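The values are calculated or read from the model by the stated rules, or taken from the named source; none is laboratory data. What you are looking at is a predicted structure, and each value in this text was computed from that prediction instead of being measured. Here the Cβ is made from the backbone with ideal geometry for all residues, glycine too, and neighbour counts use every protein chain on show. Note: accessible area is taken over every heavy atom of the protein model, side chains too, but ligands, DNA and RNA are not part of it. Shrake-Rupley method; radii C 1.70, N 1.55, O 1.52, S 1.80 Å.
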Amino acid sequence: MDRKTVVYRGSLKSCNYRCSYCPFSKHRALKGETEKDREALLRFCNSIKERAESENIGAVFITPYGEAAIYEYYWDAMAGLSQTSSVEYVGIQTNLSFDVFHMTGRFEKAGGLKEKLRLWATFHPEMTAAEDFAEKCRILTGMGVSVCAGAVGVPENIRLIKNLRVLLPPEVYLWINKMDGLGRSYTREEINAFLSADPFFENELKLHAADPDMCAGRCFVESEGNVHTCNISRTKSANWYDSAPEEIWSPLCTRKICSCYLAYGGRTDFENLFGSYPVFRQPFRAKAVFCDIDGTIIRTGQKGLSERNRAVLQAVSQMCPVFFVTSLPYEKAVSVLKNDTDIFSGGACASGGYIFIKENGDITEKVFPAEGISSSVIRRISEEKHAKVKIFRYKKEIYKVTLYRKRGDDWSTEETEQISDMISGKVRVFAEKNCLQIVSVKAGKGNAVREICMHTGISPEYTVALGNDTEDLAMKEVCGFYKEIKL
């Protein structure tokens, strides 16, 4: 059973920053206000400790109005929540203005488990320099704290945001929120610029029709206990302290659109790489990404990445190495990618018959020859099936043979099996429409992923694969996350 997520918002409506656009910057919390907020937070945390196991609560996320992480009692509260065995993660939204060493020290002194801590940090260019913000992120990740960072997608700040991406540690995901009040649509150039920093930015531009049926397993709790389905749902579902669990966890909503990430990102129908608790906006921490080419990142019959896909892959490549894994031979793969090969740290061609890895200016290569193929048998098959033959070599070793017919004249399963029986070598035969591919029995996209991971020291369980057909499913068996993409 999937664990539930609780989002909590206290009574504070104040901030230590003075951003020109923000209503909370106009007010500093008084002592009586913080005391009231602390008492409400303590009551809420005690209820979580009592109910987490029975109600299967796995994550608690604090999303204050203004800034709450500058108060020690929030760190004490998160430390206590992290000690609750059934709670897997606890986190908070913050502008990162707190003293990093003091507050994390306070958290640990209170018994907090840093491996459970999740920080959603927002960059405010009016109040802090990108270098200082990125340095705090670097210190926190160095301590073992998981951090995501983000900013509002103001077109005038594109250069600043792209610089922030360069300054941030590669493992820190940089998200971009769409700008409310822009008064116009983003241009394609602006979208691509933001995609080059945040590969998921286009989700911000979509209209996500509200559907409470997609919101099971989460709720939003206010300081006095009022429960809503999410942070923007104004429909009161129940009271956290007075209502039965079945009332609390029954989603109600009258919204038409899920207009922010906290609303749409927590839905069960939202496809993403953000793991079991997408509320923290921290993607699956991939150590490498493996992409099929034809039909996945480039439309079949076209050459070169689209501007959108180029921007997305460039953003991903800043966080982890990206490899292409294709059934195409090396020459054809390079031709299809055109000028975009520099994005990739290597690749596997002929479904892994030929593998190369780029490291510090050097290239490591490995080939699995298609051994024992009889040229006379290939010739006979070519004549009988009215197919032309192409042979691909690494130096002198054959790593792939393709028997191809006219477009539309696809190879049947029966023909593929028949030809596989006719060829006596240590090979694997598979069909891709009008092309019949013959490669080493050791060549397969799953094995190619294993070989690259073994060479780079990356565990396959921390990798992501993108594919679109049957041949790509071998990567699904190996990688930690597989996503089907069909152009």
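Output the qualifying pairs, or none if there are none: Cβ atoms under 8 angstrom, residues six or more apart or on different chains, first residue in the stretch 404-415 and within 16 Å of Arg380 (Cβ to Cβ), second residue assigned to a helix (DSSP H, G or I).
From residues that are within 16 Å of Arg380 (Cβ to Cβ), the pairs are Arg405/Lys385; Glu415/Lys385.
State all residues of the stretch 425-471 that are over 15 Å from Phe368 (Cβ atoms), under 24 Å from the mean Cα position of the chain (by Cα) and of a type in the set (Asp, Glu); if no residue qualifies, say none.
Within the stretch 425-471, Glu461, Asp469, Glu471 meet the criteria.
Here are some conditions: (1) open to solvent by less than 10 Å² (accessible area, probe 1.4 Å); (2) at positive phi; (3) not acidic (Asp, Glu). Cys349 meets all but one. Which one does it not meet?
Only one criterion is unmet by Cys349, namely (2).
Here are Val336, Val316: which of them is closer than 17 Å to Gly295 by Cβ, in contact (Cβ under 8 Å) with a residue 24 or more places away in the chain and not polar (S, T, N, Q)? Reasoning before the result, please.
Working: Val316 fails: closer than 17 Å to Gly295 by Cβ.
Only one candidate qualifies: Val336.
So that you can scan it fast, the table gives a plain yes or no per residue for (1) within 30 Å of Leu403 (Cα to Cα); (2) over 22 Å from the mean Cα position of the chain (by Cα); (3) small (Gly, Ala, Ser):
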site: Lys287; (1), (2), (3): no, no, no
site: Ile298; (1), (2), (3): yes, no, no
site: Gln314; (1), (2), (3): no, no, no
site: Phe324; (1), (2), (3): yes, no, no
site: Asn339; (1), (2), (3): yes, yes, no
site: Ala348; (1), (2), (3): yes, yes, yes
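Give Lys332, Lys358 a once-over and let me know the one that is crowded, with 17+ Cβ neighbours inside 10 Å and either outside any loop (DSSP other than H, G, I, E, B) or of a type in the set (S, T, N, Q) (or both).
Working: Lys358 fails: crowded, with 17+ Cβ neighbours inside 10 Å.
Within the list Lys332, Lys358, the selection yields Lys332.
Residue-by-condition table, conditions (1) farther than 28 Å from Arg9 by Cβ; (2) touching a helix residue (DSSP H, G or I) at 6+ places or on another chain (Cβ under 9 Å):
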residue: Val166; (1), (2): yes, yes
residue: Ile176; (1), (2): no, yes
residue: Asp180; (1), (2): no, no
residue: Tyr186; (1), (2): yes, yes
residue: Leu195; (1), (2): yes, yes
residue: Pro199; (1), (2): yes, yes
residue: Gly217; (1), (2): no, no
residue: Val221; (1), (2): no, yes
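In this structure, does Phe392 turn out to be within 19 Å of Thr326 (Cβ to Cβ), touching a residue at least 60 places away in the same chain (Cβ under 8 Å) and open to solvent by 30 Å² or more (accessible area, probe 1.4 Å)?
Values: within 19 Å of Thr326 (Cβ to Cβ): yes; touching a residue at least 60 places away in the same chain (Cβ under 8 Å): yes; open to solvent by 30 Å² or more (accessible area, probe 1.4 Å): yes.
Against the criterion (within 19 Å of Thr326 (Cβ to Cβ), touching a residue at least 60 places away in the same chain (Cβ under 8 Å) and open to solvent by 30 Å² or more (accessible area, probe 1.4 Å)), Phe392 qualifies.
Could you identify the single residue in Thr128, Thr84, Thr104 that is among the polar types (S, T, N, Q) and assigned to a helix (DSSP H, G or I)? Spell out how you get there, then give the answer.
On the way: Thr128 fails: assigned to a helix (DSSP H, G or I); Thr84 fails: assigned to a helix (DSSP H, G or I).
When all the criteria are applied, what remains is Thr104.
How many of the residues in the stretch 66-98 are within 23 Å of Ala134 (Cβ to Cβ), open to solvent by 10 Å² or more (accessible area, probe 1.4 Å) and of a type in the set (Val, Ile, Thr)?
Qualifying residue count for the region: 1.
Would you mind stating whether Arg118 is touching a helix residue (DSSP H, G or I) at 6+ places or on another chain (Cβ under 8 Å) and open to solvent by less than 40 Å² (accessible area, probe 1.4 Å)?
Judged against the criteria, Arg118 is a match.
Among (1) of a type outside the set (A, V, I, L, M, F, W, C); (2) under 28 Å from Gly301 (Cα atoms); (3) open to solvent by less than 40 Å² (accessible area, probe 1.4 Å); (4) at pLDDT below 90, which single condition is Gly425 missing?
With (1) of a type outside the set (A, V, I, L, M, F, W, C); (2) under 28 Å from Gly301 (Cα atoms); (3) open to solvent by less than 40 Å² (accessible area, probe 1.4 Å); (4) at pLDDT below 90 applied to Gly425, the lone miss is (2).
For the structure I just gave you, tell me whether Cys215 is within 21 Å of Ala151 (Cα to Cα) and modelled with pLDDT of 90 or more.
Details: within 21 Å of Ala151 (Cα to Cα): no; modelled with pLDDT of 90 or more: yes.
In short, no.
From the list Glu55, Glu50, pick out the single residue that is touching a residue at least 60 places away in the same chain (Cβ under 8 Å), open to solvent by 10 Å² or more (accessible area, probe 1.4 Å) and over 30 Å from Lys162 (Cβ atoms). Break it down stepwise before answering.
Working: Glu50 fails: touching a residue at least 60 places away in the same chain (Cβ under 8 Å).
After ruling out the rest, the residue left standing is Glu55.
For residues that are of a type in the set (Gly, Ala, Ser) and surrounded by fewer than 20 Cβ atoms within 10 Å (Cβ to Cβ), scanning just the stretch 235-264, find the one that is nearest to Gly91 (Cα to Cα). Working first, answer last.
To start, the set of residues in the stretch 235-264 that are of a type in the set (Gly, Ala, Ser) comprises 237-238, 243-244, 250, 259, 263.
With the extra rule that they be surrounded by fewer than 20 Cβ atoms within 10 Å (Cβ to Cβ), the set shrinks to 243-244, 250, 259.
Numbers: Ser243: 25, Ala244: 26, Ser250: 24, Ser259: 22 Å.
Restricting to residues being of a type in the set (Gly, Ala, Ser) and surrounded by fewer than 20 Cβ atoms within 10 Å (Cβ to Cβ), the top hit is Ser259.
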